[in-house]
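All remarks here apply to the structure that follows.
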Amino acid sequence: MSGKRILLIIGGGIAAYKSLDLIRRLKERGASVRVVMTQAAQQFVTPLAAQALSGERVFTNLFDQDQEFDVGHIRLARDCDLIVVAPATANLMAKAAQGLADDLASAVLLATDKPVLMAPAMNPRMWMNAATQRNFAALQADGLSFVGPNEGEMAERAERGVGRMAEPEEIRDAALALLEPAKPLTGKRALVTAGPTVEAIDPVRFLSNRSSGKQGYAIAAALADLGANVTLVSGPTSLAVPRGVKRIDVESARDMLAASEASLPVDVAVMVAAVADWRPAHAAKKKIKKSKSGDAPDLALEENPDILKTLAKKHKKRPALVIGFAAETNDVEENARAKIAKKGADWIVANDVSGDVMGGADNQVMLITRDGGETWPRMSKDDVARKLAERIALTLSGAKAHKK
């Protein structure tokens, strides 16, 4: 947001106190913030508080003679990159939908040609009222953007429902999305699998592997940063969900396949997860006890479904681009080329995991395609993810997106 100018309109609701935190969070990202407050807003927070946080004069009155000497409401409406209305009360939404302009806030909204982001906040019954829903639909049709409202506790005792204003971080992120230039993967959908799978032996034991999920999570984040709508199907990890990514938690390979298929159609699938090749044929319902003889129990194994092959070769909703990962300890390129043919993938990202790659911060990979390949230098997993995401964007720009 560096250098961006945001005009924040604070409406008259109890959520106005959150708007003070929003000012701080916008400024942390480099934006300059001017504030307009309605008369009702001043019953909840003071102009002095907003001025102290914004470092700018706060505007409150449409009929301020000094300000309106040079048609101040028009200047405020045009001299910004984005207008944020938080809280957007039912009254402010109604005025904006009807084109009313009887105070400074509504006059600015009527006079602006800049993007507008509204963060509604009101009692759940007010939000669900037919009049509010008509105004909401009309404002959306007029091109205004919305964040929230969220579900939760209301200020009124024993009230709960949809009507809470979005949190300041959510509003900041929505504002950031509106201010950023068009991204190469905007409108594209991506599926990423990450982490290990867990195959139960009994209620306390399982078969798994050393995958940390770091590379898959980094790829999901990089795709989201380029504008993609990303679904991350993840085995058990301790990693935080990347910003803007929808995560589905699974354990077994069968669960991962089901979640992946349910996420289709997508434009690109990046199958990074370290999926167990086998699972116990029969998982015990109770903990397996040591035998009196001390003999180890027989553990019969059966093959897990091949998720990459299913999506790349067999699925009627096959993504336009299917990318697999090959974690090898020897003959990396040879094994990767065999895998691309066997699985039906478009690309294979191959790496040697005989060192500290699993769980480590760095990676060195080979990108194998059906027509050739290239070796990338050793770099951080975040850099690998960014480079791969950029290559995906370049490839999909010439490919037809999926049809829903």
Which of V250, V241 comes first, and how do the rest follow, when ranked by fewest Cβ neighbours within 10 Å?
V241, V250
Find out how many positive minus negative residues lie around S380, taking Lys and Arg as positive, Asp and Glu as negative, among other residues whose Cβ is under 11 Å from that of S380.
+2
Can you give the % of DSSP beta bridges in region 261-404 that are antiparallel, to the nearest 5?
55 percent
Residue by residue through region 332-337, what is 3J(HN,Hα) from phi via Karplus (6.51 cos²θ - 1.76 cosθ + 1.60, θ = phi - 60°)? Round to whole Hz and write x for glycine and proline.
4, 5, 4, 5, 5, 5
Taking the Cα centre of region 5-179 as the origin, how large is its charge dipole in debye, to the nearest 20, when only Lys and Arg (+1) and Asp and Glu (-1) carry charge on their Cβ atoms?
220 debye
Just for the chain, what percent of DSSP beta bridges are antiparallel, to the closest 5?
30 percent
11 Å beta-carbon shell around L176, net charge (K/R +1, D/E -1)
+1
Could you list the residues of region 279-299 with an amide nitrogen less than 19 Å from a label point located 7 Å from the Cα of V204 in the Cα-to-C-beta direction?
283-299
Using alpha-carbon pairs under 8 Å, 6+ residues apart, how would you state the relative contact order of region 5-179 in percent?
23 percent
Per-residue Cβ contact counts at 10 Å, fewest first, order S380, S252, S211 as S380, S252, S211
Between V365 and residues 5 or more places away or on another chain, which pairs have amide H atoms under 5 Å apart, with H built 1.01 Å from N, and which residues are they?
W376
With Rg and the Kirkwood Rh both taken from Cα atoms, where does Rg over Rh land for the chain?
1.10
Proxy reagent accessibility, fewest Cβ within 10 Å first, across W347, W376:
W376, W347
Please report, for the Cα atoms of region 5-179, the Rg to one decimal and the Dmax as a whole number; what are they, in angstrom?
14.9, 48
Spelling out what I want: for every residue of region 230-240, take phi, set θ = phi - 60°, compute 6.51 cos²θ - 1.76 cosθ + 1.60 (Karplus), and round to whole Hz; glycine and proline get x.
10, 10, 10, 9, 10, x, x, 9, 9, 7, 7
Note down the net charge around L301, summing +1 for each Lys or Arg and -1 for each Asp or Glu among other residues with Cβ under 12 Å from its Cβ.
-4
Quickly work out the S2-to-K387 label distance, labels modelled 7 Å from Cα along the C-beta direction, and quote it in nm with one decimal.
2.5 nm
Taking R0 as 41 Å, what's the FRET efficiency between A300 and V162 from their Cβ-Cβ distance, rounded to 0.05?
0.20
Determine the gain in length on full extension of the stretch E56-E169; use 0.36 nm per residue of separation and subtract their C-alpha separation, reporting nm with one decimal.
38.5 nm
About its Cα centre, how strong a charge dipole does the chain have in debye, to the nearest 20, once Lys and Arg get +1 and Asp and Glu get -1 at the Cβ?
1100 debye
Would you mind putting 27-35, 384-392 in packing order, based on average other-beta-carbon counts within 10 Å, highest first?
384-392, 27-35
If you take every DSSP beta bridge whose two residues both sit in region 5-179, what share of them, in percent to the nearest 5, is antiparallel?
20 percent
Most fluctuating residue given options R189, R254, R134, as computed from a GNM of the chain linking Cα atoms under 10 Å
R134
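Quick note: the coordinates plus some simple rules give every number you see, no bench work behind them. Given the structure is predicted, the values throughout are model-derived calculations rather than measurements. When we count neighbours, we look across all protein chains shown, and the Cβ atoms used for this are built from the backbone with ideal geometry, even at glycine.
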